[in-house]
Amino acid sequence: MDFRAACEEVQVLRNAGEEVTLTVSFLKRAPAFLKLPLNEDCACAPSDQSSGTSSPLCDSGLHLNYHPNNTDTLSCSSWPTSPGLRWEKRWCDLRLIPLLHSRFSQYVPGTDVSRQNAFQVIAVDGVCSGIIQCLSAEDCIDWLQAIATNISNLTKHNIKKINRNFPVNQQIVYMGWCEAREQDPLQDRAYSPTFLALRGSCLYKFLAPPDSDLLDRRKHCFTVQSESGEDLYFSVELDSDLAQWERAFQTATFLEVERIQCKTYACVLESHLMGLTIDFSTGFICFDAATKVMCSGQL
């Protein structure tokens with residue numbers, strides 16, 4: 001209200017006589033910007049949210065604005081009654097970073113420059129958390145230690161599951177991310193992320209974690225090799241079902257070997273056709289297939 005309008009109203013009151021009746025207009029409810037909808041009263045999140053690594057969420061910073069041509073409304077119990085008013089949404093990104101085989105770093109990518117009290121987490125599919133800035137060095141170390149512990153526990157669990165399919169001398173001992181310094185002298189302080197795995201007596205180097213043996217998105221699968229050499233691929237519903245099938249196959253294999261007791265296989269040694277007999281009672285015997293002469297003695 002400007003000064004001129006105020007003067008006019010004062011003059012009207014002076015000329016109104018002995019009695020003056022004032023009609024006051026007021027809001028029956030608190031203004032919308034003072035009374036924000038509660039989460040249980042407002043379905044402000046969209047119903048078709050994506051299930052990916054990034055999804056929009058409606059934050060608490062809702063405010064009232066005038067958009068006469070906008071008919072996009074939200075189902076809130078505290079929605080203003082005026083048709084020209086609506087809630088205006090503010091959006092923020094929620095990024096879900098799966099920690100299995102993920103990595104984190106305080107360094108600026110590719111350099112030896114360390115960020116002060118800051119780090120970022122990168123998922124195995126490349127989705128990045130962005131720079132996470134901590135208030136102090138202690139907070140930063142606490143966060144890094146907590147993340148590292150979770151990644152380590154997930155990795156150990158995954159290694160345990162993988163090793164069930166391999167003999168002791170071929171099992172994975174450890175695997176995880178490192179940063180390899182480039183050998184090119186033109187890129188003197190350049191580093192690149194490298195995934196390392198210790199398996200048996202060998203060190204394996206990958207640009208990314210090795211692909212899964214699974215053929216599709218089904219999780220609990222196993223392969224059985226037939227007598228003809230064909231691989232038969234099966235799927236079950238639960239991890240416990242998979243473990244039960246593995247135990248059953250191991251038991252059946254042991255019982256069949258125990259029943260047969262002795263088995264001879266054809267093999268080649270230094271271009272000579274040989275026979276290898278595996279006997280539960282006498283051990284391993286290797287002999288020339290033509291002369292039947294034992295060449296390696298009884299083991």
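Any chance you could look up the accessible area of His157 with a 1.4 Å probe, heavy atoms only, rounded to 10 Å²?
Roughly 110 Å² of His157 is accessible to a 1.4 Å probe.
Quick check on segment 174-299: take the gyration tensor over C-alpha atoms, sort the square-rooted eigenvalues as a ≥ b ≥ c, and tell me if it's rounded (a/c under 1.5), prolate or oblate. Working shown, then result.
Values: a/c = 3.11, a/b = 1.52, b/c = 2.05.
Oblate.
How high is the relative contact order of segment 190-299, given as a whole-number percent (alpha carbon pairs under 8 Å, six or more residues apart)? Write out the running numbers ahead of the final one.
Numbers: 118 pairs, mean separation 11.8, N = 110.
After rounding, I find 11 percent.
The values are calculated or read from the model by the stated rules, or taken from the named source; none is laboratory data. No experiment lies behind these values; they were computed from the predicted model shown. For accessibility, only protein heavy atoms count, side chains too; no ligands or nucleic acids. Shrake-Rupley method; radii C 1.70, N 1.55, O 1.52, S 1.80 Å.
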